Structures are given as structure tokens and as C-alpha cells.
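Only one structure is covered here, and it is reproduced in the block below.
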Amino acid sequence: MSVLRILIKRNRKWVIISVVLTLVANLTQMIYMYYVGELVNKIEERATVSIAFMVLLAGFIIISVATLFMNQYVGRITAEKMAHTLRMGYASKLLHRLTERGIECDTVTDRGKGNDKAAAERGKQYDTASVMSVVQNELVQSDGYLTNAFFDITGMLFMGILATVFMFIQNVILTLVLLIPTLIILIYVGFSSRSLSKIVSAAQNEKMKMNKAGYAAVHAFPAVKTFEGEELCKKAMDERLVSWTKYQTKVGRYSALYNTLSGILSRVPLMLLLLAGGYMVIKGKILMGTLILFLNLQNSLTQSIMNLPNWIAGFKVFTTNLSRIEIE
């Protein structure tokens, strides 16, 4: 998490702009939905729909589209800037460590404390296997998560929270009908996310071991060839590959299971909302436009819940990858 804090701090202006745009875009979208519900209510009551009301509704539609576009555009720029900071920070740290290692080895050579010059030169070599593993795995995956998922998920979570507050303001009873089963589902989501995160973390560890074994074999290939250790290296690599494949298959299986159940359970609040809302419309306690507003807003909430297991597991992988990356 310390690396994530550094990335946010170094790009705080863009992060603040992106967060503000996310809030504005979500609020504009909810206000637009509210006026659509009001339009339905006016039609149901056979009230006059003024030109000013239609102009206001059209204005909010245009503003909603514009803010959504700007939110996506600025979010992509912010994500790319954070990813660039991560890449350059790791490269700077790597060069700094290489320079320090080289100075230390030169000092040992000059003082004659090493066995010979060749041994001192070997001391200058950085842990190639570790570096290649980080660059081709942790760094690439963190870069991809920042660019493709980080701000999209943040925006959806913001929308879910804002939608909940907005629904409470509109109608407390319907909001409770929607939220009570949702909170029960969250208990399942917490269990499934924790279980899936453990499996994903184990798969990541196995992949890192496999990559290090492969890079080490390549790095030490002259010695392996000299002592005819090809079969031993191949056997070790195959064992790592089989272990990683087993965990990766387990991740896919559990992810499909948990998300399928999450998707099914997320429809329970919708069903209860339709039953309670339909009853209240029939009894004249609310108008049809209010029910339509809730049906539109609940999608933001249930979509967030349905994807929570994958989001939490993905964020766990992201933070685990960042913990293995040192930046300057």
C-alpha cells in the first residue's frame, strides 16, 4: 500500500480532478434519472409538462453524457500517469541499486579483499532472475490494472454509495427493502472474496517461484550445461509449472462459482423491490415514476455487489504485486 500512496501522492492533482469528475458525473446521472421519474409522474397524473421542464431534462442528458466522457478521458490519463510513475520509479530504483552495487564491488577490488578480480566483477551482477520476474510479471500486471480497471472500479463504487444515499432521500421504505437483503448478500460476498483472495495469492506465489526457477536456469545455463544438469532443471521447471497450473485452474473454477452465485443473489433485492414497489403503486402510496427511478438506481448498487468478489480479488493481486515492487 505504501507504493500506491506514493503513486497517488505524485499524481495527486490528476487524482483529485478524476475523483471530482467521477462524483460530478454520477450526481448528474442520478439527477437525470430523477427528472425522468418526474416526467413519468407528470404523465401519470395527467399534469402539464412545460417546455422549461423538457429543456431542463434535455440539458441534464447532455451534461450527463459530457461528464461521463470527461470522467472516462481524465480517468484514463490519470491511470496512465500513475502507471508511468510506477515504471519510471522502478527503473530509477534499479539503476540506483546497480550503481551502489558497482561502487561496492569496485571498492572491494581496489582493496584486494576479494578472491580475485573476476569474483569482484561477479559481485556487480544484480539478481537478474528477480529483476526479470518483477518486470515481466508484477510490473506488467500492476500497469495493466491501473490502466484498465482501477478508476473504472472506483467510479462504480462511488456510484453505488451515492445511489444508496440518493434513494434514502427519495423513499426510506423502498430503500430499506433494497438494502436489507443487500447487506445479507454482503456477508456472502465478504466470505467469497476472502476465500478467492487466498487462492489468487497462492497462485501468484507459485507463478513467481516458477518464473524465478526458469530465469535462474537460463542465467546459470553454462554451468548447467557443463555439469549436465539439463534434466534436473527441466524436472524442477515442470514441477513448478504443474503446481502453478493447478492453482490457476482453481482460481478460474472458484471465481466462476462465486461470481455466478453473486449474480443470482444480486437479483433478490430487485425481485423484492418490484414486489414492494408494485404494491405501493397499486395502493397509491407512490407514483410509477418513483418506482422507475428506484429500478434504475438499484442497478448501480447490485452491479457493484455482483462484481465485488472479482474486484476484491483483483485489488488483492494488485496490492500484492505492488508490495514486491520498489520504486524511488
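Laid out as a table, the results:
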| read-out | value |
| --- | --- |
| Net length gained if the chain between Arg97 and Leu232 were fully extended (0.36 nm per residue, minus Cα distance) | 45.4 nm |
| For Tyr279, solvent-accessible area (1.4 Å; no DNA, RNA or ligand), Å² | 120 |
| Label-point separation, Arg46 to Glu326 (7 Å along Cα→Cβ), nm | 7.8 |
| Accessible area of Arg97 in the full protein assembly, 1.4 Å probe (Å², nearest 10) | 80 |
| Leu139 - accessible surface, heavy atoms, 1.4 Å probe, Å² rounded to 10 | 20 |
| Nitroxide proxy distance, nm - points 7 Å out along Cα→Cβ at Leu39 and Asn205 | 5.6 |
| FRET efficiency for Ser195 and Val65, using Cβ-Cβ distance with R0 set to 25 Å, rounded to 0.05 | 0.05 |
| Computed E for Arg12/Tyr73 - FRET, C-beta separation, R0 30 angstrom, nearest 0.05 | 0.95 |
| Student exercise, segment 30-81 dipole from Lys, Arg, Asp, Glu Cβ charges, in Debye to nearest 20 | 160 |
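The values are calculated or read from the model by the stated rules, or taken from the named source; none is laboratory data. Predicted, not measured: the structure shown is a model, and the values here were computed from it. Positions of Cβ are backbone-derived with ideal geometry, glycine not excepted, and every protein chain shown enters the neighbour counts. Please note that ligands, DNA and RNA were not included when accessible areas were found on the heavy atoms of the full protein model with its side chains. Shrake-Rupley method; radii C 1.70, N 1.55, O 1.52, S 1.80 Å.
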